[in-house]
Amino acid sequence: MRRNPGPFEPLVYILQTPIMFRVVGLGGLILFSILALSIASEHSAGAAILGLGLIGALWFETSSNVCRRCRFYGTWHCLGQGMLASKLFSRIDGGLGEPGTMLHGALLAAYVIYGLFWLWHSPMLGLIFTLWVPIALVTASAPAGFSWRALKPN
């Protein structure tokens, strides 16, 4: 069981639907990436290359560690990410341990910080995407918990 989100409960249940995950979570991430990289590339090629490196590292880590353990492995749930991961990597039945979860969170945090740094060069984009981040995190969370996490012993 998860904690009751209080007065935001109806909003949380709507945000945790697959369509909201695809549109708000993944669609927003694609827009976030395009805008952040375009602003970074206007400043320097090194900034854009750093962003592409972060995207590549996050994609590889996600595909090789998280997607292989997810219940949506080999499906179109994540707009093809699960399908692509299934073509490149075999499935893993065990859950992702604490170090792997920390690595995933650290790479995701580094990418979000990188993107928000560049998006705040335009205050309106910075504000919009700063508000988008917690909403996207809610769309990415599952009501029953993540299927790729290792179960904690009782």
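The values are calculated or read from the model by the stated rules, or taken from the named source; none is laboratory data. Since this is a predicted model, take the numbers as computed values, not measurements. Cβ placement follows ideal geometry from the backbone for every residue including glycine, while neighbour counts extend to all protein chains displayed. The area values use the complete protein model at the heavy-atom level, side chains included, leaving out ligands, DNA and RNA. Shrake-Rupley method; radii C 1.70, N 1.55, O 1.52, S 1.80 Å.
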So, first residue under 13 Å from Leu96 (Cα atoms) in segment 53-82, second residue of a type in the set (Val, Ile, Thr) and open to solvent by 40 Å² or more (accessible area, probe 1.4 Å), Cβ within less than 9 Å, six or more apart or across chains; the pairs are Asn65/Ile92; Arg68/Ile92; Arg69/Ile92
What's the total number of residues in segment 124-135 that are under 15 Å from Ala40 (Cα atoms) and open to solvent by 30 Å² or more (accessible area, probe 1.4 Å)? 1
Are any residues in segment 59-82 buried (at least 17 other Cβ atoms within 10 Å of the Cβ) and in a helix (DSSP H, G or I), and if so, which ones? Glu61, Thr62, Ser63, Asn65, Val66, Cys67, Arg68, Arg69, Gln81, Gly82
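Can you tell me which residues in segment 21-37 are open to solvent by 50 Å² or more (accessible area, probe 1.4 Å) and in contact (Cβ under 8 Å) with a residue 60 or more places away in the chain?
Leu29
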Residue set Ile49, Ile39; condition out of contact with any Leu (no Cβ under 7 Å at 6 or more places or on another chain) and of a type outside the set (Ser, Thr, Tyr); output residue Ile49
From the residues in segment 38-47 that are open to solvent by 30 Å² or more (accessible area, probe 1.4 Å) and in a helix (DSSP H, G or I), which one is nearest to Leu125 (Cα to Cα)? Ser38
